[in-house]
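Here's the structure we're looking at; comments come further down.
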Amino acid sequence: MQIKYQKTDILYRPVLFIMGTFMLTWCCAGLMTKINANTHIIIYTFLDFIENASPLFCAMLLLGRYFTTDKFLWKFFLGEPSKIYSYFIVFILFAAQFFNFYCFQVEAAEFSVQTFAVTFAGQFLLGGGLEEAGWRGYLLPCFHKKYNIVISSISVSIIWVLWHLPYFFISGSMQANGNFYMYAIIGIITGFILSAIYLFTRSVLLCMLFHSWQNTIVMTIQANMEDMRFLLFFIALGVVSVLLCMKQNHGYSSTCAKIE
């Protein structure tokens, strides 16, 4: 699919991207299940980094030819200059996600700013934040050219959730022993939040920061997810994100469009 991106005609290859991302991640995940993390910590950490960064690697490989075109890489990560209210909306989404977990913590739970900061840095540099260059930076604009933003966001989120399947079998991962169906619902809602951030700013970097932010919140703030107030707030945040996406639902201009 060819899309005009800031004076650059980009040829998107969604099938190749999805196949490459899944193969790289699932192969690494398979090897991780065979390796003792305590005995081979360096190899295990390397494989963990590769599986987390596979969407980034695949997107960069497929977009490599455009890196020298019109400051493409800079614009890809930082986005387009937006009105101040766009960044304010993004800030509210960051704050609302933190507020929900922090206000509905389980009793006697403790929060450490230092632990939060260290975990956030790790997630951004080595963890889940790396994924967004592929999911929201590459696959979402590709789907958005052909479909409306609701269908595009749901499609990317479903692929994203399925991509995480091996994590449910890796001891120590956030998904280990989790409920896949609940995870899928959370993934779709989170996908709309990330889509809204991307549509308002075109910034992959902000999507990477939010993904790292959410992972850090889940890892460091023990919320009572059975509290109905927590669930209602999270659902409301998802509904708001859908409305924000619909408000900003405008595609990319293009000279031609074809699936390759």
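I want to verify a result. In a Gaussian network model of the chain, Cα cutoff 10 Å, which of these has the top mean-square fluctuation: 244, 162, 56?
The residue with the greatest mean-square fluctuation here is 162.
Using alpha-carbon positions, what is the distance between the centroids of region 112-138 and region 36-93, in Å?
Answer, in whole Å: 10.
Are there any helices in the chain, counted as whole DSSP H runs, that stretch 20 Å or more along their axis by Cα and score at least 1.0 on average by Kyte-Doolittle, and if so which? Display every interim value, and only then the final one.
Details: long enough: 14-34 (30 Å, 1.38); 41-63 (32 Å, 1.67); 84-103 (28 Å, 1.64); 149-163 (21 Å, 2.26); 180-201 (31 Å, 1.89); 204-220 (24 Å, 1.18); 228-247 (28 Å, 2.15).
Sorted by number, the helices that extend far enough and score high enough are 14-34, 41-63, 84-103, 149-163, 180-201, 204-220, 228-247.
Want the number for residue 40 to residue 171: 0.36 nm per residue separation, take away the alpha-carbon distance, what's left? List each step's numbers first, then the result.
Values: separation 131, 0.36 × 131 = 47.16 nm, distance 1.45 nm.
Residue separation times 0.36 nm, minus the Cα-Cα distance, leaves 45.7 nm.
Hey, in the GNM for the chain with a 10 angstrom Cα cutoff, which one of 202, 136, 65 fluctuates hardest?
65
If R0 is 22 Å, what FRET efficiency do you get for residue 181 and residue 98 from their C-beta distance, rounded to 0.05? Don't jump to the answer; show the numbers that get you there.
Working: r = 25 Å, r/R0 = 1.15.
After rounding, the FRET efficiency stands at 0.30.
Please report, in cubic angstrom per residue, the volume enclosed by the convex hull of the alpha-carbon atoms of region 118-163. List each step's numbers first, then the result.
On the way: hull volume 3.2 nm³, N = 46.
Taking the convex hull of the Cα positions in region 118-163, it is 70 Å³ per residue.
Please give the contour-minus-distance gain from residue 33 to residue 125: 0.36 nm per residue of separation, less the Cα-Cα distance, rounded to one decimal in nm.
Contour length minus Cα-Cα distance gives 30.8 nm.
So which residue, out of 187, 79, 64, gets the largest mean-square fluctuation from a GNM of the chain using Cα contacts under 10 Å as springs?
Residue with maximal mean-square fluctuation among 187, 79, 64: 64.
Report, to the nearest whole %, how much of the accessible area of the chain belongs to carbon and sulfur atoms, 1.4 Å probe, protein only. Can you show the working numbers first?
Values: 9080 of 13110 Å².
Answer for the chain is 69 percent, counting heavy atoms of protein chains only.
Which whole-number value in Å² is the accessible area per residue of the chain, probe 1.4 Å?
50
If I stretch the segment between residue 226 and residue 19 completely, what's the gain in nm (0.36 nm per residue apart, minus their alpha carbon distance), one decimal?
On the way: separation 207, 0.36 × 207 = 74.52 nm, distance 3.64 nm.
Fully extending the segment from residue 226 to residue 19 adds 70.9 nm.
In whole angstrom, and with the biggest value first, how far do the Cα coordinates of region 130-260 range along each principal axis?
Per principal axis, max minus min of the Cα coordinates gives 49, 31, 25 Å.
With semi-axes √(5λ) of the Cα gyration tensor in Å in mind, check [x] 25, 22, 19; [y] 33, 23, 18; [z] 29, 24, 16 and report the label derived from this structure.
Checked against the structure: label [z].
When 1/r is averaged over all different Cα pairs and the result inverted, which Kirkwood radius in Å belongs to region 1-154?
On the way: mean 1/r = 0.0547 Å⁻¹.
That comes to 18.3 Å for region 1-154.
Quickly work out the residue 87-to-residue 113 label distance, labels modelled 7 Å from Cα along the C-beta direction, and quote it in nm with one decimal.
2.3
Taking Rh as the Kirkwood radius computed over C-alpha pairs, what is the Stokes-Einstein D of region 68-182 at 25 °C in a medium of viscosity 0.890 mPa s, expressed in µm² per second? Walk me through the numbers on the way to the answer.
Details: Rh = 17.4 Å.
D, rounded to a whole number, is 141 µm²/s.
The values are calculated or read from the model by the stated rules, or taken from the named source; none is laboratory data. As the structure is a computational prediction, the values presented were derived from the model and not from experiment. Every residue, glycine as well, gets a Cβ built from its backbone with ideal geometry; the counts of neighbours run over all protein chains shown. In case anyone asks, the SASA skips ligands and DNA or RNA and just uses the protein heavy atoms, side chains included. Shrake-Rupley method; radii C 1.70, N 1.55, O 1.52, S 1.80 Å.
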